[in-house]
Amino acid sequence: MTTSTAIAPFVSAVFAQGYALGLGLIVAIGSQNAFVLRQGLRREHVGLVVLFCALADAALLTAGVMGMAQALGDSPRLARLLALAGAVFLAVYGWQALRRAQQPGQLNASDSGAGMGRGAVLAQAAAFTLLNPHVYLDTVLLVGGIGAQQPAVMRGWFIAGASFASLCWFMLLGFGSRWLAPWFARPAAWRILDGVISVTMFVMAALLLLRHVF
């Protein structure tokens with residue numbers, strides 16, 4: 001058995017963990033998602049918006065994982081504390097998703113208004129992405145902290161999984177907006193989606209505790 005064949009299952013698992021975590025955190029009602037959906041409905045610079053949002057997430061994810069990995073260094077105590085904090089955060093996030101599933105909202109995106117130029121659209125995409133404090137808490141601290149605890153050779157795959165989840169979601173919102181808008185306008189759809197997110201977050205919190213704390 002070759003080395004690449006032996007590590008393939010671990011690569012897949014790390015990629016899947018990054019994908020599930022990235023998707024679980026990004027799929028929520030918010031201003032950025034509403035903006036991407038609106039641009040898709042209006043068919044204005046959709047590719048540019050999707051590309052910017054996905055690249056921004058990838059850059060923040062990479063900075064988070066690499067920065068947290070450097071901060072952790074050779075401190076097992078800090079790594080354990082960070083894993084515990086991450087598990088608590090994921091559990092709280094899962095509880096919030098469960099609460100949202102019981103009282104679902106809806107994602108509205110207006111298809112009205114005059115068309116905007118490429119620069120204005122890009123400026124708005126940057127504002128919705130970078131001026132949101134939650135993006136730094138979720139992407140840089142939480143995802144970065146969890147990704148930094150992966151073996152060094154696996155961190156790239158974790159980043160790839162989380163970044164791919166971001167790209168898939170924004171592409172779905174932007175290019176599938178005509179089909180998605182009526183679906184997202186129904187509270188029942190968000191109830192199902194938030195239920196899935198809740199289960200995913202609880203499972204990942206448990207795995208994080210089992211792997212790094214207990």
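Taking square-rooted eigenvalues a ≥ b ≥ c of the alpha carbon gyration tensor, is segment 9-66 rounded, prolate or oblate, where a/c under 1.5 means rounded and, failing that, a/b exceeding b/c means prolate?
Prolate is the answer for segment 9-66, as a/c is 1.5 or above and a/b outweighs b/c.
Quick one: 3J(HN,Hα) in Hz for segment 140-146, Karplus 6.51/-1.76/1.60 with θ = phi - 60°, rounded, Gly and Pro as x.
Working through the residues one at a time gives 7, 7, 5, 5, x, x, 5 Hz.
Step through the residues of segment 153-159 one at a time and calculate ³J(HN,Hα) from phi using the Karplus curve (6.51 cos²θ - 1.76 cosθ + 1.60, θ = phi - 60°), rounding each to whole Hz and writing x for Gly and Pro.
Result, rounded to whole Hz: 6, 9, 4, x, 6, 5, 4.
Quote the FRET efficiency, to the nearest 0.05, computed for Trp183 versus Leu81 with a Förster distance R0 of 41 Å and r equal to the Cβ-Cβ distance.
Efficiency for this residue pair is about 0.50.
Label Ala59 and Arg118 with points 7 Å out from Cα along Cα→Cβ: what is the distance between them in nm?
1.7
Read-outs throughout are calculated quantities, based only on the coordinates presented, and are distinct from any laboratory measurement. Since the model is a prediction, treat every value here as computed from it, not as a measurement. Cβ coordinates were reconstructed from backbone atoms using ideal geometry, including for glycine residues, and neighbour counts include every protein chain displayed.
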